[in-house]
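Before any comments, here is the structure.
The values are calculated or read from the model by the stated rules, or taken from the named source; none is laboratory data. Since we're looking at a predicted model, the values are computed, not measured. In this analysis, Cβ positions are derived from the backbone assuming ideal geometry, glycine residues included, and neighbour counts consider all displayed protein chains. Accessible surface is based on the protein model in full, side chains and every heavy atom, while ligands, DNA and RNA are left aside. Shrake-Rupley method; radii C 1.70, N 1.55, O 1.52, S 1.80 Å.
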Amino acid sequence: KDFDGNWGIWDEPYLQYVAKHLTAQKSPFVAGIFTLSSHHPYNLPPEYQGKIAEGSLPVHKTIRYTDASLRKFFQTASQQPWYNNTLFIFTADHSHPDSDDARYRDEPIGRYRVPILLFHPKEELVFIDSSKVVQQVDILPTILDYIGKKDPNLYSIGESMFKKGEGKAIFYRNERFFYAKKTGYLELLQDIAPFPFQNQALSPDSLAAYGKQIRAWRQYMNQKMETDSWMKK
């Protein structure tokens, strides 16, 4: 009865289910939740029709619905025994291509300019540099760092967000590879030489080093995917 007719379960009832379902899990646990109501065709549940502001884009009303659903999720979760011992991490896979904000439309960076937010009910995470460039592959090493666990059997191409430094993000877009940091990004051209960072001159040796990093990441990713060997046997 909670099927949205397109993707799955509406965010509000699904998040309520999750909040209660996690209580039945043995602690410690890890859970991944994917919300879907803010996806095309941007519909709202019947009980919310005409009750949520439309906004300037069709997606805005569904984002507001998801926001309201998350608020109710936390109201329910805060009553659960695991809540005060849980690190919550929020992120997205991409921005909206028709965003009102040009920073999220600009290619190639804008498409992947998404937040990663960490929240703990009982702890202020003041030791995180919010200006650091991070990426989704940093989430796992961040969790392991946070709980004080170093797993020698884990291969990871990310790094903890708690680690000092400016950070980086390497991503693939339209058959091109990019290396992003605070000052801009560079593109790997034809597997040979990268473009310099925007507004930043780099020496030939520095450019070669960045290009080598991108190629190493791509080789590592491909090899691990093809051999299914992310974890040591």
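Filtered by the rule that a residue be surrounded by 14 or more Cβ atoms within 10 Å (Cβ to Cβ) and part of a loop (DSSP other than H, G, I, E, B), the range 52-68 gives Ile52, Leu57. Evaluation of Asp93 against the conditions (1) in contact (Cβ under 8 Å) with a residue 12 or more places away in the chain; (2) surrounded by 15 or more Cβ atoms within 10 Å (Cβ to Cβ) shows that the sole unmet condition is (2). Of the residues making up the range 10-51, those that are open to solvent by less than 70 Å² (accessible area, probe 1.4 Å), in contact (Cβ under 8 Å) with a residue 40 or more places away in the chain and aliphatic (A, V, I, L, M) number 4.
In the range 111-118, the count of residues that are under 26 Å from Ser27 (Cα atoms) and more than 14 Å from the chain's Cα centre (by Cα) is zero. Taking the criterion of being more than 21 Å from the chain's Cα centre (by Cα) and either surrounded by 12 or more Cβ atoms within 10 Å (Cβ to Cβ) or not in a loop (DSSP other than H, G, I, E, B) (or both), the residues of the range 69-79 that qualify are Lys72, Gln75, Thr76, Ala77.
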